[in-house]
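First the structure, in the form of structure tokens, and then the observations on it.
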Amino acid sequence: MTLLLIGIMVLIGLGMPIAFAVLIPCALYFVAAGLPEALFAQRIASGTASFPMLAIPFFVLAGEIMQRGGIARRLIDVARVSVGHMRGGLAQVGVLGGALISAVSGSATADTAILSKTVSREMVREGYPRGFAASVAAVAGVLGPMIPPSIMMILYGLMAEVSIGRLFMAGVVPGIVIGIALMIANLLVMRQHAIEIPLRPKATMADLVQAVRRGFWALMFPVFVWVGLRGGLFTPTELGAFVALYCLVVSVFVYKELKLEELPAIFQESALLTAIIMFILASSTGLNYAIAWERLPQTIANWFLATSDNKFVILMIINVLLLLLGLALEGPPLLIILTPILVPLMTGLGVDLVHFGVVLVFNLTLGALTPPVATLIFVASTIVGCSSSEFMRYFWVIFGMLLLSLLIITYIPAISLFLPNLIYG
């Protein structure tokens with residue numbers, strides 16, 4: 001089992017696509033363990049035979065349409081008139097805009113790319129340091145997997161057999177906590193580096209009304225998510241289909257910024273990304289079987305319990321280990337590898353799996369901000385045009401606030417559980 005996990009991590013580290021990096025060692029394990037080859041094929045084939053997985057292609061499609069159909073820009077305009085007059089106005093616009101965009105895209109990378117192309121470039125034009133502008137876009141991207149709909153939450157829910165609807169709602173309040181922490185961090189960075197930017201005039205009520213009117217249909221999306229899930233109108237899977245159709249209708253017929261001839265390219269891009277995600281999920285079922293066969297969760301649980309039987313101590317140890325693993329591996333493969341190992345441990349300790357899912361997804365998303373992987377840093381720095389050293393100069397204070405948010409969310413479960421308990425009981 002140790003060789004299997006080491007082999008997977010080595011192959012991922014060498015740059016092999018995640019699905020193959022998981023699939024090949026698992027196939028070799030089945031052969032070495034004397035397990036039937038047909039069993040391996042059956043596990044792989046059943047890996048995507050789940051109705052909730054239908055939500056994934058729909059949310060991916062919605063994210064692609066949102067980026068090209070003018071929805072994201074209108075959400076940022078609403079954020080601009082809401083908080084643009086504050087100290088560090090555009091930086092705060094980046095945070096609020098990231099939260100609003102997250103309610104449609106569900107992807108950290110997509111959020112960071114959108115914010116880098118819009119808010120960060122505007123920050124540079126107004127005199128903000130490039131490193132700070134890129135930092136704002138990168139860290140605001142972590143809101144993507146937290147605020148529903150979230151592809152990472154769907155993956156965790158499928159693997160941990162946890163209600164995806166509860167997971168969606170569980171990410172809302174933590175997302176707000178993270179957003180507030182980022183806004184405070186922006187003020188601290190500006191004070192630390194003596195960044196003085198003239199304050200923008202406060203938007204008038206007419207400006208706010210006009211921005212809301214222009215972005216009305218985009219702003220209605222979170223309302224539909226809330227009402228649909230709260231009222232039982234949609235399952236998460238049906239919500240995905242509704243979201244994709246809604247984004248398409250709004251972009252093509254209301255905002256008229258998406259041409260019908262652009263749709264084949266969007267469908268092709270969405271299908272490609274969906275195929276990658278589904279292949280990863282299918283290959284991970286072989287790993288899940290091997291982990292269960294070797295009784296690895298029980299072994300890990302015994303090791304942790306020998307260290308301490310206090311769930312808060314164990315959660316701290318797990319958080320530290322996840323942050324260290326995030327230095328070398330991206331969030332999705334770690335989620336796939338670690339979920340079947342850690343979920344039985346959390347169940348034994350009495351930790352709510354919905355709460356743990358929020359902690360796990362947030363922690364693994366932070367890995368996209370830590371070198372050498374640092375996907376979000378790479379995306380933001382490349383688009384804004386700043387060096388890594390310039391980025392890091394402004395980054396650490398903000399990252400410290402994210403770590404503080406992680407501790408708060410970890411040790412106050414009510415932050416995650418209040419909303420799903422209120423809605424679902």
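A few points about this structure:
- Figure legend. Inter-residue proximity from the range 84-104: first residues touching a residue at least 12 places away in the same chain (Cβ under 8 Å) and crowded, with 24+ Cβ neighbours inside 10 Å, second residues of a type in the set (Phe, Trp, Tyr) and part of a loop (DSSP other than H, G, I, E, B), beta-carbon distance below 7 Å, spacing 6+ or different chains. Indicated pairs: 90/128.
- Residues in the range 24-48 that are over 10 Å from residue 285 (Cβ atoms) and of a type in the set (A, V, I, L, M, F, W, C): 24, 27, 28, 30, 31, 32, 33, 35, 38, 39, 41.
Quick grid of which residues meet (1) under 23 Å from the mean Cα position of the chain (by Cα); (2) in a helix (DSSP H, G or I); (3) of a type in the set (Ser, Thr, Tyr):
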| position | (1), (2), (3) |
| --- | --- |
| 23 | no, yes, no |
| 30 | no, yes, no |
| 57 | yes, yes, no |
| 65 | yes, yes, no |
| 86 | no, no, no |
| 92 | yes, yes, no |
| 135 | yes, yes, yes |
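- In the range 137-172, the residue that is surrounded by the fewest Cβ atoms within 10 Å (Cβ to Cβ) out of those that are β-branched (Val, Ile, Thr) and not in a helix (DSSP H, G or I) is 162.
- Residue pairs meeting the criteria (Cβ under 6 Å; at least 6 apart or on separate chains; first surrounded by fewer than 19 Cβ atoms within 10 Å (Cβ to Cβ), in the range 321-346; second among the polar types (S, T, N, Q)): 327/370
- Here residue 247 passes the criteria (1) touching an Asp or Glu at 6+ places or on another chain (Cβ under 6 Å); (2) closer than 16 Å to residue 214 by Cα except the one numbered (1).
- The listed residue being buried (at least 22 other Cβ atoms within 10 Å of the Cβ) and either at pLDDT below 85 or closer than 18 Å to residue 238 by Cβ (or both), out of 49, 45, 55, 41: 55
- Residue among 366, 329 that is of a type outside the set (Val, Ile, Thr) and modelled with pLDDT of 85 or more: 366
- Filter result for residue 125 (over 15 Å from the mean Cα position of the chain (by Cα) and under 26 Å from residue 202 (Cβ atoms)): yes
Results for (1) at pLDDT below 80; (2) more than 20 Å from residue 333 (Cα to Cα); (3) out of contact with any Lys or Arg (no Cβ under 6 Å at 6 or more places or on another chain), shown as yes or no for each residue.
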| residue | (1), (2), (3) |
| --- | --- |
| 275 | no, no, yes |
| 284 | yes, no, yes |
| 300 | yes, no, yes |
| 312 | no, yes, yes |
| 316 | no, yes, yes |
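The values are calculated or read from the model by the stated rules, or taken from the named source; none is laboratory data. A quick note: this is a predicted structure, and the numbers were derived from the prediction, not measured. Cβ coordinates were reconstructed from backbone atoms using ideal geometry, including for glycine residues, and neighbour counts include every protein chain displayed.
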